[in-house]
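Below is one structure; the comments refer to it alone.
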Amino acid sequence: MRCLYRVRPYELEKGSANALHRKWRDICIDSLTSEHPKYRYAQLCRGIVEDFDALPIDETLKKPRVGVVGEILVKYMPLANNHVVDLLEREGAEAVVPDLLDFFAATIYEQDFKHTHLGKGWTASASAKLGIPALQRMRRPAIEALKASKRFDPPMAINHVAELAKPFLSIGNQYGEGWFLASEMAELITSGTPNIVCIQPFACLPNHVVGKGVIKALRAAYPGANIVAVDYDPGSSEVNQLNRIKLMLTAAQRALHAQVATPKKPQPPEAPSICLPHPKVAML
């Protein structure tokens, strides 16, 4: 997902990114179901990243990056979010969807807070202190492959993600996506994705309170953040969802064009510093 969404909006041959995705999807399935798989896990990670790194794309094309965050089911299931990633790409944007494993990492990470502040037993703290390093070891082959690539960025460590949430709300806010929803938006903004679609099912109270509740504070903390909250429900108007996303994209395109039209002016080199003697020393 991380590789596919990064290159598909810029592919030179239409359908080439999806074809490459299907190729590696079949290889991954075979590695899980075959008694004698051809590729090991680390080889799979390197192969996927290297293949998508080599896919011919238009390197000169600039498109606004739009992050997708929100309630976990609606965030990842295309049928639940009316294929929001396809919509963003049709409208000339690049979709950025944080990794699914980050959600599980956040669930493990917050167990230590439950022990220190909410009365949970020591096993909760132990699960966090042992679980996070274990999860990082599992992800290491993928992270190393992404770090070695020229197009892709590795995911941020969960403890750094948590630090981004703390200026806005407590880690104790754990109902629904809780603090993690706010931290994901902050992570996207600070990593070059200022445009965000925050999506949730209709009447999903935790995400309405946390997601919509921190948007104003995020905009104040990060000038230029372009965030829209969208509700998804079988009875809600798809036209209304589309209009809200298109308004956000209009602002994103305007900001991108302004950035391209007014590149940063080259700064003159700093004058060399001159250390003058203290007046009393000069008098002597």
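The values are calculated or read from the model by the stated rules, or taken from the named source; none is laboratory data. Remember, predicted model here, so these are calculated numbers, not experimental data. In this analysis, Cβ positions are derived from the backbone assuming ideal geometry, glycine residues included, and neighbour counts consider all displayed protein chains. SASA here: full protein model, heavy atoms, side chains in, ligands and nucleic acids out. Shrake-Rupley method; radii C 1.70, N 1.55, O 1.52, S 1.80 Å.
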Here the stretch 61-67 yields Karplus 3J(HN,Hα) values (6.51, -1.76, 1.60; θ = phi - 60°; whole Hz; Gly and Pro given as x) of 6, 10, 10, x, 8, 10, x
Counting only residues 5 or more apart in sequence or on a different chain, those whose built amide H sits under 5 Å from that of residue 70 are 199
Amide H contacts under 5 Å for residue 227, restricted to residues at least 5 apart in sequence or on another chain and with H modeled in the peptide plane, are 196
Probe 1.4 Å, heavy atoms of protein chains only: per residue, the accessible area of the chain in Å² is 59
For 44, 12, 242, 32, the accessible-area ranking with a 1.4 Å probe, largest leading, is 32, 12, 242, 44
For the chain, percent of DSSP beta bridges that are antiparallel (nearest 5) comes out at 5
With all protein chains present and a 1.4 Å probe, the order of 185, 156, 77 from largest accessible area down is 77, 156, 185
Among (1) 21.0, 74; (2) 19.7, 63; (3) 22.7, 87, the entry matching Rg and Dmax of the Cα atoms in Å as calculated here is (3)
Phi-derived 3J(HN,Hα) across the stretch 149-158 with the Karplus relation (6.51, -1.76, 1.60, θ = phi - 60°), rounded Hz, x for Gly and Pro, is 7, 9, 10, 10, 10, x, x, 6, 4, 5
For residue 216, the lysines lying under 30 Å Cα to Cα, once residues fewer than eight places off in the same chain are dropped, come out as 62, 63, 75, 114, 166, 246, 264
Placing each pseudo-label 7 Å from Cα in the direction of the beta carbon, residue 190 and residue 217 end up separated by a distance in nanometres of 1.5
Note: probe point = Cα of residue 60 + 7 Å toward Cβ; backbone nitrogen < 18 Å; residues of the stretch 1-43 passing the test are 10-13
1/(1 + (r/R0)^6) with r = Cβ-Cβ of residue 250 and residue 143, R0 = 45 Å, i.e. FRET efficiency to nearest 0.05, evaluates to 0.80
Counting only DSSP loop positions in the stretch 20-102, the trypsin sites (Lys or Arg not before Pro) whose Cβ has at most 16 other Cβ atoms within 10 Å are 38, 40, 62
Length gained if residue 29 through residue 103 is fully extended, taking 0.36 nm per residue and subtracting the Cα-Cα distance, is 24.3 nm
Honestly the stretch 51-117 on the Cα gyration tensor test (a ≥ b ≥ c root eigenvalues; a/c under 1.5 rounded, otherwise a/b vs b/c for prolate or oblate) is just prolate
From DSSP H assignment alone, runs of 4+ in the chain each adding -39500 (n - 2.57), the sum over residues rounded to the nearest 500 puts [θ] at 222 nm at -17500 deg cm²/dmol
When every protein chain stays in place and a 1.4 Å probe is rolled, 110, 163, 35 sorted by accessible area with the largest first are 35, 163, 110
Counting sequence-distant residues (5 or more places) and residues on other chains, those with an amide H built under 5 Å from that of residue 94 are 65, 66
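Quantify, in whole percent, the carbon and sulfur part of the accessible surface of the chain (1.4 Å probe; protein heavy atoms only).
The computed percentage sits at 60.
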Pseudo-spin-label distance residue 126 to residue 257, built 7 Å along Cα→Cβ, given in nm, is 6.1
With x for Gly and Pro, the residue-by-residue ³J(HN,Hα) of the stretch 16-23, computed from phi through the Karplus equation 6.51 cos²θ - 1.76 cosθ + 1.60 at θ = phi - 60° and given in whole Hz, is 5, 5, 5, 5, 5, 4, 5, 4
